[in-house]
Amino acid sequence: MCIVCSIALTIAAVGLKPLQAKNELIDRQKNILLALNLIDRKTKYTPDTIQETYNNNVNAQFINTQGAITSSETELPIFIVENNQSIQTYAIPFKAYGLWSWVYGYIALEGDGATIAGLTVYKHGETPGLGAECEKEWFQKQFIGKKITDSNGKFISIGIAKGKVADLNLSQEALKSNVDGMSGATITSKGIEKYLKLELAKYESFSKLLRQQEG
């Protein structure tokens, strides 16, 4: 009986693997679309709609060491939305270590290479009610419109405050590059801040090219 059950479980696991892989792919695509503001957070979409929207709008490419777009696989995947052959928005993956786990998500930038268009988190193991707030809409939406550069166009990334930004007496320029942290989850907040900077820096050669075009 034990042998029969083991064989049945193995067959089931192998048989379900393609379906699991497809579900994971659709979830990634959904989060890329959310970061790029191509779908609404409050609307439920079918898997087919997610795939169709993704395939019709997102150009999945890579970035080389010079910051140029390439179809050849590198360690820097990028997901681009174009309008009239110009880059409208682009998303990149990030992972950040919080208090207990790696936090996985996507951060998107406008075509100016300086303004955050959106952020999503699709996987983490942080504490519910504390670090797990990184998956909530209130935390993610506040990144939209923030700047990863200073007034001179120099890359500085995005800051996550310990508490509320309004309580820190920051300058008007600094306010453009900082968001509220998660209450009681300073380590998770600062972990995301640290690793976002590291990930954004990897794409800085590409973002800088876009900023130069804007200038």
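For every residue, the table says whether it meets (1) touching an Asp or Glu at 6+ places or on another chain (Cβ under 9 Å); (2) modelled with pLDDT of 90 or more; (3) in a helix (DSSP H, G or I); (4) open to solvent by less than 80 Å² (accessible area, probe 1.4 Å).
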residue: VAL14; (1), (2), (3), (4): no, no, yes, no
residue: PRO18; (1), (2), (3), (4): no, no, yes, no
residue: GLU24; (1), (2), (3), (4): no, yes, yes, no
residue: ARG28; (1), (2), (3), (4): no, yes, yes, no
residue: LEU34; (1), (2), (3), (4): yes, yes, yes, yes
residue: ASP40; (1), (2), (3), (4): no, yes, no, yes
residue: THR49; (1), (2), (3), (4): no, yes, yes, yes
residue: THR53; (1), (2), (3), (4): no, yes, yes, yes
residue: ASN56; (1), (2), (3), (4): no, yes, yes, no
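Pairs meeting the criteria (first residue in region 29-48 and closer than 14 Å to TYR106 by Cα, second residue open to solvent by 20 Å² or more (accessible area, probe 1.4 Å) and at pLDDT below 95, beta carbons under 6 Å, at least 6 apart or on different chains) are ASN31/TYR122. Against the list (1) open to solvent by 50 Å² or more (accessible area, probe 1.4 Å); (2) touching a residue at least 12 places away in the same chain (Cβ under 8 Å), the condition GLY145 fails is (1). So which residues in region 70-108 are within 11 Å of the chain's Cα centre (by Cα) and over 21 Å from ASN56 (Cα atoms)? The answer is PHE94, LYS95, ALA96, VAL103, TYR104, GLY105. Screening GLY184 against (1) open to solvent by 50 Å² or more (accessible area, probe 1.4 Å); (2) at pLDDT below 95; (3) under 17 Å from PHE143 (Cα atoms) leaves a single unmet condition, (3). ASN169 passes all but one of (1) open to solvent by 20 Å² or more (accessible area, probe 1.4 Å); (2) of a type in the set (S, T, N, Q); (3) under 20 Å from PRO77 (Cβ atoms); which number fails? Of everything listed in (1) open to solvent by 20 Å² or more (accessible area, probe 1.4 Å); (2) of a type in the set (S, T, N, Q); (3) under 20 Å from PRO77 (Cβ atoms), ASN169 misses just condition (3).
The values are calculated or read from the model by the stated rules, or taken from the named source; none is laboratory data. Computed from a prediction, not measured in an experiment: that's the story for all the values here. All Cβ positions, even for glycine, are placed from backbone atoms using ideal geometry, and neighbour counts span all protein chains on display. Each accessible area value is taken on the protein alone, full model and side chains, heavy atoms only, with ligands, DNA and RNA left out. Shrake-Rupley method; radii C 1.70, N 1.55, O 1.52, S 1.80 Å.
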